[in-house]
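Trainee: One structure is given below, represented as structure tokens, and several questions about it will come after.
The values are calculated or read from the model by the stated rules, or taken from the named source; none is laboratory data. Nothing here was measured: the structure is a model prediction, and the numbers come from that model. All Cβ positions, even for glycine, are placed from backbone atoms using ideal geometry, and neighbour counts span all protein chains on display.
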Amino acid sequence: MIRTMISAANTMSQLQDQLDIISNNMANSNTHGYKTKEANFNELLYQQFENDKQDKVKRQSPVGIRIGVGARLAQAQTNWKQGGIQQTNRSLDFTFTKPKQYFNILMPDGKNGTKTAYTRQGDFYLSPMKNGNTMLVNTDGYPVADANGNAILLKDGAKDFSVTADGTLNVKYNDNTSAKIEMGVTEIQKPQLMEHISDTYIGLPKNFNQLGVAQGAVLQNLQGANRNQVAMQNGGLELSNVDISKEMTDLISTQRSYQFNARTITLADQMMGLVNGIR
């Protein structure tokens, strides 16, 4: 009975983690560019009891008794499937029409520097600077990088924006001048090797050098002749790929599993009470 309680308690703690993953998916169902997480479980180790030494009868079932100790959350795998496109008709809303392509965002690294993060969320804004220029930033205020990895800076008075399919940003100013800027676009071939930073941001893990994989095999900054691989449009945003109906089904199933294990602990406790009463 103690083993039963331990097994149920171990599983309940892992089911709680799955509930957290499901709730996070549902909370971000309206977050543009968000990719849903899927929980996968594995069984924990079994303990084998060889209690059949005196039993000489042949059987088809495995000999002995195998007692498990519950299940564990093996991994929270990201579903990289592309979401639908929501038309906004806003000139600074950009979206990709191909999977695996990401905007380059400059985030602080905590050491008075910046690091490059990657996101599919493409709603951008203009942030005024002290020198009179403006900077192209995302919803969190992080600078958007160009193809050379520098923050995109614009003169004051920018009024019209459009983007070509290859990710070239066309800007018109009030003085009738114009500018063309290649936006930073990275194609990630192996997103499963990337690290989830926060929200819709991903980046290279800190221990990337220990993975034994070349960086060029994981991601590629689309520059020069590779710009024709970019598939971008403005006036729209990529929706999250969260399937609410699936998340609700998983939520009900997980809650029932949690209740079943909780009931197991209650029954084991009642049986222990009966045994103690007999003694």
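Trainee: Residue 195 versus (1) within 30 Å of residue 22 (Cα to Cα); (2) in contact (Cβ under 8 Å) with a residue 40 or more places away in the chain; (3) of a type in the set (Asp, Glu): which is the lone unmet condition?
Mentor: All conditions pass for residue 195, except number (2).
Trainee: Any idea which residue in segment 224-252 is nearest to residue 166 (Cα to Cα), counting only those that are among the polar types (S, T, N, Q) and exposed (fewer than 13 other Cβ atoms within 10 Å of the Cβ)?
Mentor: Only one residue tops the list, namely 228.
Trainee: Here's another thing I want to ask about it. Can you name the residue in segment 172-223 that is small (Gly, Ala, Ser) and surrounded by 15 or more Cβ atoms within 10 Å (Cβ to Cβ) and is also nearest to residue 78 (Cα to Cα) among such residues?
Mentor: 203
Conditions (1) assigned to a loop (DSSP other than H, G, I, E, B); (2) closer than 24 Å to residue 83 by Cβ; (3) among the hydrophobic types (A, V, I, L, M, F, W, C); (4) touching a helix residue (DSSP H, G or I) at 6+ places or on another chain (Cβ under 9 Å), marked per residue:
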{"residue": "192", "(1), (2), (3), (4)": "no, yes, no, no"}
{"residue": "202", "(1), (2), (3), (4)": "no, yes, yes, yes"}
{"residue": "213", "(1), (2), (3), (4)": "yes, no, yes, yes"}
{"residue": "216", "(1), (2), (3), (4)": "no, no, no, no"}
{"residue": "225", "(1), (2), (3), (4)": "no, no, yes, no"}
{"residue": "240", "(1), (2), (3), (4)": "yes, yes, no, yes"}
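Trainee: Within segment 137-162, track down each residue that is in contact with a Ser or Thr (Cβ under 9 Å, 6 or more places away or on another chain) and closer than 14 Å to residue 185 by Cβ.
Mentor: Once the filter is applied, which keeps residues that are in contact with a Ser or Thr (Cβ under 9 Å, 6 or more places away or on another chain) and closer than 14 Å to residue 185 by Cβ, segment 137-162 yields 145, 149.
Trainee: Does segment 176-187 contain any residue that is assigned to a loop (DSSP other than H, G, I, E, B), within 20 Å of residue 90 (Cβ to Cβ) and touching a strand residue (DSSP E or B) at 6+ places or on another chain (Cβ under 7 Å)?
Mentor: Here is the first cut: in segment 176-187, the ones assigned to a loop (DSSP other than H, G, I, E, B) are 176-177, 184.
The next check asks that each one be within 20 Å of residue 90 (Cβ to Cβ); those that pass are none.
Within segment 176-187 (the criterion being assigned to a loop (DSSP other than H, G, I, E, B), within 20 Å of residue 90 (Cβ to Cβ) and touching a strand residue (DSSP E or B) at 6+ places or on another chain (Cβ under 7 Å)), the answer is no, since none of the residues qualifies.
Trainee: Residues being touching a residue at least 40 places away in the same chain (Cβ under 8 Å) and either more than 30 Å from residue 276 (Cα to Cα) or in contact with a helix residue (DSSP H, G or I) (Cβ under 6 Å, 6 or more places away or on another chain) (or both): count how many of those fall in segment 1-22.
Mentor: Residues that pass the stated criteria total 14.
Trainee: For segment 36-87, list the strands (runs of 3 or more DSSP E) that sit wholly inside it and hold at least 3 residues that are in the same structural domain as residue 19 (by TED's automatic domain parsing) and modelled with pLDDT under 75; which are they?
Mentor: Answer list for segment 36-87: 46-49, 65-68.
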